[in-house]
Amino acid sequence: MVVCPHRESGLGKSTLINSLFLTDLYPERIIPGAAEKIERTVQIEASTVEIEERGVKLRLTVVDTPGYGDAINCRDCFKTIISYIDEQFERYLHDESGLNRRHIIDNRVHCCFYFLSPFGHGLKPLDVAFMKAIHNKVNIVPVIAKADTLTLKERERLKKRILDEIEEHNIKIYHLPDAESDEDEDFKEQTRLLKASIPFSVVGSNQLIEAKGKKVRGRLYPWGVVEVENPEHNDFLKLRTMLITHMQDLQEVTQDLHYENFRSERLKRGGRLKVESEDMNKDQILLEKEAELRRMQEMIARMQAQMQMQMQGGDGDSGALGHHV
Ligand code: GDP
């Protein structure tokens, strides 16, 4: 999974990710070794985390990326993220066409949270450009950051505007599938609610605050506490529920749509041939090695037979010779 860049730093991306994956407050809930970085580049950093909801545990790789609006050349930052997504597809394609296809590790990016500013009036041109650059590669889930800075009315207005602009610009975001008709009513209702909440407007915090006699993750203001995990205050819980209940669908859409897109593009460019030829090369080398081994074994067998013959034949020869003499 990827946590995608937002234009500016300081939108609360790290705080939200910590809130979502409990990486800060509850270190004991992170599986052993999970926090260890599994990859580190100058710009992109991946770590493994575990999230749990009502007994369902999910192990995820979270990829954190820089706020690309910080960089002087934003196009280059696009490229870094796009290359990262493509590299994971490429690796998967390679493994899938290789000899050891039973043990493929799936590091493909199944979801991208795209952070939008609560201070703008909708999408900025760079948001449009970026989302369009990745929408055929990854499931985009738009998120309005720092929702506590907006009144309820402002929140609704911004959500609507963002959705309108997404449609206007033909940006493809992740669509939650409708619940199957045989699902229970609660699940159907939950799915309806989740769908209606997109783009999720969220609040993050790294602090535990006393509220109504309980310690909760929240933000303290002179007029009260904004609780991260209170569905009346923001969509944080909905975002987490969506991630857990729809992870399988996110994976399926990645496989059936985004990965297939990548694979057919790659085929067109002859990429598949390259991968296959690499495998053919590997096979060829193996075959050649085997043939060489066989030749050597045959040679040894011949030499042994010759030596044996010589030893037996030595007596025979002299006998024969003697016979001749
Ligand atoms: P990042 O650069 O996007 O990773 O942003 P950070 O997570 O480092 O947060 C930047 C600042 O915004 C910090 O002062 C946070 O305390 C504050 N912040 C984070 N999340 C929220 C939020 O949901 N609401 C508000 N009002 N502030 C937030």
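What the table below lists for this structure:
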| read-out | value |
| --- | --- |
| Of Lys124/Lys160; Lys137/Lys268; Lys79/Lys160; Lys146/Lys172; Lys79/Lys238, those spanning more than 20 Å from alpha-carbon to alpha-carbon | Lys79/Lys160; Lys146/Lys172; Lys79/Lys238 |
| Rounded accessible area of Lys146 (nearest 10 Å², 1.4 Å probe) | 70 |
| Rounded accessible area of Leu220 (nearest 10 Å², 1.4 Å probe) | 120 |
| Potential lengthening between Glu298 and Glu156 on full extension [0.36 nm per residue; Cα-Cα distance subtracted] | 43.0 nm |
| Point-to-point label distance, Asp249-Lys132, nm (Cα→Cβ direction, 7 Å offset) | 2.7 |
| Spin-label pair Ile82/Ser14, simplified geometry with 7 Å Cα→Cβ offset, distance in nm | 2.8 |
| In order through region 133-139: 3J(HN,Hα) via Karplus (6.51 cos²θ - 1.76 cosθ + 1.60), integer Hz, x for Gly, Pro | 6, 10, 5, 8, 10, 8, 6 |
| Region 211-261 - accessible surface per residue (Å², probe 1.4 Å) | 52 |
| In Å, descending, principal axis extents of the Cα set of region 100-169 | 54, 25, 16 |
| Which of Leu267, Leu58 is most accessible, then next, and so on - probe 1.4 Å | Leu267, Leu58 |
| Hits among lysines - C-alpha to C-alpha of Lys289 under 25 Å, sequence gap 8 or more where chains match | Lys274 |
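The values are calculated or read from the model by the stated rules, or taken from the named source; none is laboratory data. Remember, predicted model here, so these are calculated numbers, not experimental data. Note: ideal-geometry Cβ built from the backbone for every residue, glycine included; neighbour counts use all protein chains shown. Protein only, heavy atoms only, side chains kept; ligands, DNA and RNA dropped before computing areas. Shrake-Rupley method; radii C 1.70, N 1.55, O 1.52, S 1.80 Å.
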